[in-house]
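Comments concern the structure below.
Each reported figure results from applying straightforward, stated rules to the coordinates on display, with no laboratory input. Note that the structure is predicted; figures quoted are calculated from it, not measured. Here Cβ is always computed from backbone atoms with ideal geometry, including for glycine, and neighbour counts include all displayed protein chains.
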Amino acid sequence: MRKEKMKSKEIKINPRYPSIVDLRNKAKRKMPKFAFEYLDGGCNEDVNLLKNTSEIRKVELVPNYLTEHTCSSMATELFGHTYDAPFGIAPVGLQGLMWPNSPEILAKAAFKHNIPFILSTVTTSSIEWISEITQGSAWFQPYHPTENRLRDDLIKRAEAAQCSVLVILCDVPTFGFRPRDVRNGLALPPKMSIKNMLQILEKPEWALKTLLHGQPNFETLKPYMPKKLDLKQLGEFMDQTFSGRLDKEKIKPIRDLWKGKLVLKGVANEADAEKAIHLGLDGIIVSNHGGRQLDAGESTINPLSRIAEKYGDQIKIMMDSGIRSGPDVARTLASGAAFTFMGRSFMYGVGALGTKGGTHTISLLKTELKQVMEQIGCEKIEDFPNFLVP
């Protein structure tokens, strides 16, 4: 049994795809254009999308070559659980549209490798099914409903599914303006055009797997949706059902209802971080929604550094948006994050390699991060700030 468990975590990488860039390029070739652009794009002119990664990569680390070093461990304690690596899979909407069955593929890989998987309200698997796959270890990210009844029911379902962490979202007060999605008919309400259908015919593997797994739907929301909803009605349903803007009065009842760990995702400044602490939240994720909401905003790494310096000893501070590789994870941890999350990197992996994509991507990131730790002489994840170039 012990031998089997160790074997299941063995790191194996397909040598044809030794980087996230390789996975992205392969995914682009396999996915219909409208699906890939939904995954890959930001909002407006993609300014903040590009800044996110480029500014993370301005962070530099100092290697200590002549000090004694025994070994490096990626084990990371977070909310009472020790994960095998300091990164997890961020919530991503419409995953099954980008690659069929991808939420299940990634949830299984996350469980196998003992890293957190966050399920989005608007992805294509239900809370209950992902909980079964992960034996209750998944996190859940709800959008904020307009009705308290729906809010309370989603929280009860997450509790019944044994989700240990609830991640509430504050950076979607409005839907981002994404020109690619408008051109491709993937704005709300969505519209499938002849152009989209031709793109599907050009990608037979995607088309066949979609036929096998069925048309993607908002599985978590199915109990609340009217029967036989057409695409136009779907847009109206989403507008009427969810109110994206959070404030203190909306967070307080969630904190009272939810007995597990509560995390606020989308924090972009010190003032909101301080409010999260005063409201009794357990953690925050510094994020700008992957550059998909506000093109004129800051990248994530700069507010992370300020927030971590000011509040790092008062609340768990995590980050997503712009992190693409093991060295990016290292740079983010050195800048003050206790944990990191990635969305696109994992979806590139699944789009490129299908059922093997989740495990491949996790293994690749682990290998890259371990190499950085060994190179600079960092033995524990919490030691990364000691290696930051001032």
Taking θ = phi - 60°, what integer Hz values does the Karplus form 6.51 cos²θ - 1.76 cosθ + 1.60 yield along the stretch 212-226, in sequence order, with x for Gly and Pro?
5, 8, x, 4, x, 9, 7, 4, 5, 8, 3, x, 9, 9, x
Residues whose modelled amide H sits under 5 Å from the amide H of LEU119, counting only those 5 or more places away in sequence or on another chain, are TRP139, PHE140, GLN141
Under a plain spin-label model, where a point goes 7 Å from the Cα along Cα-to-Cβ, how far apart in nm are LYS156 and LEU279?
2.3 nm
FRET efficiency, 1/(1 + (r/R0)^6) with R0 30 Å, evaluated for LEU212 and PHE79 via beta carbons:
0.25
Which length gain, in nm to one decimal place, applies between ALA271 and GLU374 when the Cα-Cα distance is subtracted from 0.36 nm times their residue separation?
33.4 nm
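Could you work out the local net charge near THR67, counting Lys and Arg as +1, Asp and Glu as -1, over the other residues with Cβ closer than 13 Å to its Cβ?
Value of the local net charge: -4.
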In terms of modelled amide H atoms, which long-range or inter-chain residues lie less than 5 Å from the amide H of ALA338?
ILE317, MET318
Over 24 Å (Cα to Cα) among LYS228/LYS356; LYS248/LYS316; LYS275/LYS316 -> LYS228/LYS356
Placing +1 on each Lys and Arg Cβ and -1 on each Asp and Glu Cβ in the chain, then taking the dipole about the Cα centre, the residue among PHE218, VAL172, LEU150 whose Cα reaches farthest towards the positive end is PHE218
If neighbour count is taken as other Cβ atoms inside 10 Å, put LYS112, LYS252 in order from fewest to most.
LYS252, LYS112
Sorted by Cβ density within 10 Å, fewest first, the residues THR367, THR76, THR124
THR367, THR76, THR124
May I ask what percent, to the nearest 5, of DSSP beta bridges between residues of the stretch 15-387 are antiparallel?
15 percent
Loop only by DSSP, 11 or fewer other Cβ within 10 Å of the Cβ. Give me the chymotrypsin sites (Phe, Trp or Tyr not before Pro) in the stretch 42-122 that pass, ordered by residue number.
TYR65
Test of understanding: ordering THR134, THR146, THR82 by Cβ neighbours within 10 Å, fewest first, what list do you get?
THR82, THR146, THR134
Filter the cross-link list LYS12/LYS261; LYS28/LYS366; LYS26/LYS380 down to pairs whose alpha-carbon distance in this structure exceeds 30 Å.
LYS12/LYS261; LYS26/LYS380
Note, the stretch 52-69: 3J(HN,Hα) by Karplus (6.51, -1.76, 1.60, θ = phi - 60°), whole Hz, Gly/Pro = x, goes 3, 6, 5, 7, 4, 7, 7, 6, 10, 10, 9, x, 10, 7, 9, 9, 5, 9
So for the chain, averaging the separation of alpha carbon pairs under 8 Å that are six or more residues apart and normalising by length, what relative contact order in percent results?
29 percent
Alpha-carbon Rg with Dmax, taken over the chain, Å
20.2, 67
Residue by residue through the stretch 29-44, which ³J(HN,Hα) values in whole Hz follow from phi under the Karplus form 6.51 cos²θ - 1.76 cosθ + 1.60 (θ = phi - 60°), with glycine and proline marked x?
6, 9, 9, x, 3, 5, 6, 5, 5, 4, 6, 8, x, x, 10, 6
